[in-house]
Structures are given as C-alpha cells and as structure tokens.
Amino acid sequence: MKKYSIGAIVPHLKCFGGIRRFLEIGNEFVSRGYNYTIFSGAEQSCNWFKFNGSIKSWESIKADMVLVGDPPSFKVLPKTTAKQIFIYVIGGEDYFDQYQQVYNKYPFILNNKRLLQKFPNAEYVVEGGVNTKTFIPKKPKVLYYPRHSHIEKEIGDLVELIPMENLDNEQLKEVYHQADYFVSWEERGAWSNTSAEAVASGLTVITNGRNCEPFIDKVIKVKNLRDFFASPMKEFDWEIVVDKLVNIFDSYEK
C-alpha cells in the first residue's frame, strides 16, 4: 500500500516539549517508511535532537496529512496544501482562545481527555508520548515480603530487592527510608499496615489493590509488576501515539 506523506507545522525548532512531540512522532513515522517533513517558521536545523525526517520552511507547505499544534502556526493554514489538516491541541489554557478560532473548521486531536470539556466536538484524543527507549528507569530499591516468592521471579532482574523480615520497629522505620518502592501484593486481608507505613514514610507503593483500598488514591495499582518496573510509561510510548495517528490518517485515505 502506498504510504501518504505527513507534515507537521511548527513555529520554530527550539528546545521545547511541544516541538519535541513532532520530532519524536516524525522519527517513528520515518522508521515505518513514511515521508515526514517538519515545516518550521524559523530554524531550518535542529542541533538538540536527532531528527531523521526532512525540514523545510513555511514557504511551501505541502503534504497529504498535516498536523498543526501551536497557535502561532495557524496563520499559514490558508496557504497549506494538504488532503487533510489536523489541529493537535497541545497548548494550555492560555491558548484556548486561539484554538477556538479554528475550532470546527478542522478535525481536532486532543492530547488529554480533560480538554473535551472545552472542545466537546473534538473527533479524537491521542495522548502525549514518551520515548521509553531513551528515558528508562534506574534500578530502584524495592521492599517486599520474601514469602511472595513470585516477586523475585517477576522483577528480580529489574530492581534491587530488599526483603522485609525479622525487623523490629526501629529497623522497620529505617528500612522504609532506604528504598524507593514497596510492593504490596497480598491475596488476603483488608488493610496492609506495612503499605500504610510505607506511604507515611514517603515511599511509592505498588500494589494489586487488595488491601490498600481505603487509601488507593495514595498508591499505584498495577496488573503486571514486570511491565511497571521495566517501563512505567510503556503505554504512552511514541509507537503507541503513532499507531493512533495512523488509524486516524487511514480513515481519511479511504
């Protein structure tokens, strides 16, 4: 199948998160064989990020699918040649009035469901992303109960495990301050004293939720321990973001 060309219009190529988004997305599209071009209103090079696509000026903006995120770029929309233009809402409340100027004129892609309150007619939600190949966690120190032997098998190679056993009250207090996480993975009981103590001591508690329900808003509930410690933001990798964008673009190609 012939792959359409993709463009992203940005006001400049300086080091900002909103600019990084389009560079990261671009690299992922290029790795899949798409022709991806950044159309910049200022700089024509990017020395702070390794970008594998093309960079062109605003003088001739042409692509099949075009993403526009920053309101300062809206002024070039009238001279943009594309099968479809998408407004990718990435700015905060300070830019809402400017987004309103193009609202309902182009399909909106939101990067946060909360924005549906402001733009209820937005067609799509595609959350922000993280390069989980570049940004990886250090090997954290994790407290756990040795009787939960499956924890050793699941994450023993990813973390430094600190067993909690045969500790008096003062030792317990100290060990909470030595770790980064406490794993609470009980199948019984309704209240976990150690989880509550860990939260009170400033630790991040990772749990299946069985015995932390009364303070579930203060812990992280997960289904898979290994996925969490291997890459806590795996579900927001740029690959996932681009998968969603491809689905959107494909629907306009049919």
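The values are calculated or read from the model by the stated rules, or taken from the named source; none is laboratory data. These numbers were taken from a predicted model, which means no experiment stands behind them. Glycine gets a Cβ as well: all are built from the backbone with ideal geometry, and neighbour counts include every protein chain shown.
Could you check the range 16-65 and list, in sequence order, the residues that are surrounded by 13 or more Cβ atoms within 10 Å (Cβ to Cβ), assigned to a strand (DSSP E or B) and without any contact (Cβ under 8 Å) to a residue 24 or more places away in the chain?
Ser54, Lys56
Taking Val241 and the conditions (1) surrounded by fewer than 18 Cβ atoms within 10 Å (Cβ to Cβ); (2) closer than 30 Å to Val30 by Cα; (3) modelled with pLDDT of 95 or more, which numbered condition does it fall short on, given that it satisfies the others?
(1)
Six or more apart or on different chains, Cβ under 7 Å: which pairs go from a residue in the range 102-116 that's assigned by TED's automatic domain parsing to the domain that holds Ile87 to one that's among the acidic types (Asp, Glu) and surrounded by fewer than 16 Cβ atoms within 10 Å (Cβ to Cβ)? Could you list them?
Correct list of pairs: Pro107/Glu123; Phe108/Glu123; Asn111/Glu127; Asn112/Glu127.
Could you check the range 170-204 and list, in sequence order, the residues that are within 21 Å of Lys139 (Cβ to Cβ) and touching a Cys at 6+ places or on another chain (Cβ under 7 Å)?
Residue satisfying the conditions is Ser184 alone.
Given the structure, is Asn166 among the polar types (S, T, N, Q) and at negative phi? First the steps, then the outcome.
Numbers: among the polar types (S, T, N, Q): yes; at negative phi: no.
Taking the combined requirement at face value, the residue does not satisfy it.
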